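In what follows, a structure is listed as structure tokens, so that the remarks can point back to it.
The values are calculated or read from the model by the stated rules, or taken from the named source; none is laboratory data. Model, not experiment: these values are computed from the prediction. Glycine gets a Cβ as well: all are built from the backbone with ideal geometry, and neighbour counts include every protein chain shown.
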């Protein structure tokens, strides 16, 4: 409200008049100074002679649009300039109404040329940054200014990770090359995946003139998972080099494709993999807890783990990927796992959870500021005990990736077990990689006793088999098809026991261990093949009476050719199945064990059939009118011997099937005893219980240790002549006919 000085107010408020010769002085009352005459809020009171009126302050208007009013018939209200005055701030600014005024805020990418100017003009971000020598799009990017904004055009091999206003970063697509052009073809289709990943990597930087990407990230992600599924479904991933290459390629691909995704969360689920990807794409980096979970695992960490300590690139990524069947492939390479022994017992290991990969956008995950918590679900519910314990491990790829001969191995460095129950294990790790729970299996307390029993029994068995081989080779009185079969049966068992004794537990080096397993596979299959031939020979002796001899060529083709064929096919198709973590034998996890147990079951079934027919025919011949008892007794003895051998060898390996049960102590002792004493059994049945062999042994002993003569030469000559006459008269036609067969 305007004010006046005292002198001015005195002259203004006083009026002098003369009346009747007297001067009358009257004063004007200033209603604006009276409390009752206020004009209200946001109004100015104007005093007049004998009155006053009100005017609204700037930024306000009278509600009836009156210019002048008094307190009784008017009120000042705020003027909303943003609504009443069109484009008061121009097209490139926001208008913000305030009480009695307004302000103009420029849109992003616009600014006022001068502080007093009311119009907002486009900012040329590219020119401003270049004047300051700051590459807004990076050293290799090209800045493209637009009206109110800009975007970065990245050359081939560079990308801005889906945020067009961030600097271009090098993609390093050569990391997907590896040795894909040459040696990766031997890694079961990995070359195709690596080639596709490199093309996809380069496609991330291909843009049209408007900055829109030609290849959508969703298409690339789907392509990645489809190729992974084909690779894991169709190819043999037993090679740890190929597995390491696959894990590395998948993690790197997710790091580059994930930030391009438009959705904050993306889930993928195929028959081979399950993944969850979360992406943060805002101006400021994320903070707070980060929790990812899927069917088989969960990841608990903080967003700072994904951000890292470097410059914020405009996004943050975290992903949890679970492989549904990779635990069988990676159930090996435990050399770097060292757990304390229990009562002198060294554990063996096996993967007991799904293999899980944790991926973040942070390029440096080898030494995290704070550990991540990973919870892994067991393959089956099994609590810890004196024989079972769990440990957390990660797959440590060899330096250089696919260029190394060894692809990687399990390691526990940087990972510790927080807690475990029957169904889950919680791990704390100071780095990120591919993780799994390893189950440590401690041998039974009776292992030493079994080992001692096995070694003693095998030594006895080897001695007995050596005697059998010498007997069947040099004892001419028992020459025949059946003796040939027994000779090669003993050779196979002798070589198998010798290799077993020398190399069954020599798991290093891996190539030598695989050779031992292949030899054991060959020789034990050979033993069963010759047992099958023995059953066939007995069947022919009873059914085909006058043509029971089998040509040696056929014997060797079946006895050695069939086992060798099975071993070659098995070794070519599944080479990693030969050897386990603890023994040099066929792997159960890879299913190769059935290339042994399958033929064994077939041989046992066929021999049971042949022996059943043989016994039935023998019973018929014995009940006939003119049975040749000498011949029938001989065949019966052969049959009983063959059945005993089949029972011992067959029962031994059938009991071996149940050794994979955790509580198989009795079965383990049965297997060990039968396996150790099979040579002694063959020597007993075929040598010591044979009269002809005993006579040959007696002759040999008489030559080695001659005894003094008790009779005269005449008596001996006479007795010998009588014996020769008796031998000439006694043999029957059956005996003469079949003596050469045996």
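Below are the figures for this structure:
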| quantity | calculated |
| --- | --- |
| Unmet requirement for residue 557, which otherwise passes all of (1) in contact with a helix residue (DSSP H, G or I) (Cβ under 9 Å, 6 or more places away or on another chain); (2) at pLDDT 90 or above | (1) |
| Verdict on residue 259 being in contact with a helix residue (DSSP H, G or I) (Cβ under 6 Å, 6 or more places away or on another chain) and farther than 30 Å from residue 592 by Cβ | no |
| Top-ranked residue of segment 125-147 - restricted to ones that are in a loop (DSSP other than H, G, I, E, B) and surrounded by 15 or more Cβ atoms within 10 Å (Cβ to Cβ), ranked as modelled with the lowest pLDDT | 135 |
| Options 457, 408: the member that is more than 19 Å from residue 350 (Cα to Cα), touching a helix residue (DSSP H, G or I) at 6+ places or on another chain (Cβ under 8 Å), buried (at least 19 other Cβ atoms within 10 Å of the Cβ) and at pLDDT below 90 | 457 |
| Residues of segment 275-306 satisfying the condition of being more than 20 Å from residue 253 (Cα to Cα), crowded, with 18+ Cβ neighbours inside 10 Å and in contact with a helix residue (DSSP H, G or I) (Cβ under 8 Å, 6 or more places away or on another chain) | 286, 290 |
| Filter result for residue 47 (at negative phi, at pLDDT 85 or above and touching a helix residue (DSSP H, G or I) at 6+ places or on another chain (Cβ under 8 Å)) | no |
| Test: residue 284 is without any contact (Cβ under 8 Å) to a residue 40 or more places away in the chain, in the same structural domain as residue 436 (by TED's automatic domain parsing) and out of contact with any strand residue (DSSP E or B) (no Cβ under 9 Å at 6 or more places or on another chain) | yes |
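Residue by residue, here is whether (1) outside any helix (DSSP H, G or I); (2) assigned by TED's automatic domain parsing to the domain that holds residue 346; (3) in contact (Cβ under 8 Å) with a residue 12 or more places away in the chain holds:
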residue	(1), (2), (3)
517	no, no, yes
524	no, no, yes
528	no, no, yes
536	no, no, yes
550	yes, no, yes
558	no, no, yes
601	no, no, no
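Conditions (1) over 26 Å from the mean Cα position of the chain (by Cα); (2) surrounded by fewer than 21 Cβ atoms within 10 Å (Cβ to Cβ), marked per residue:
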| position | (1), (2) |
| --- | --- |
| 497 | yes, no |
| 510 | no, yes |
| 579 | no, no |
| 583 | no, yes |
| 591 | no, yes |
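For every residue, the table says whether it meets (1) in contact with a strand residue (DSSP E or B) (Cβ under 6 Å, 6 or more places away or on another chain); (2) modelled with pLDDT under 90.
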position: 372; (1), (2): yes, no
position: 377; (1), (2): yes, no
position: 386; (1), (2): no, yes
position: 389; (1), (2): yes, yes
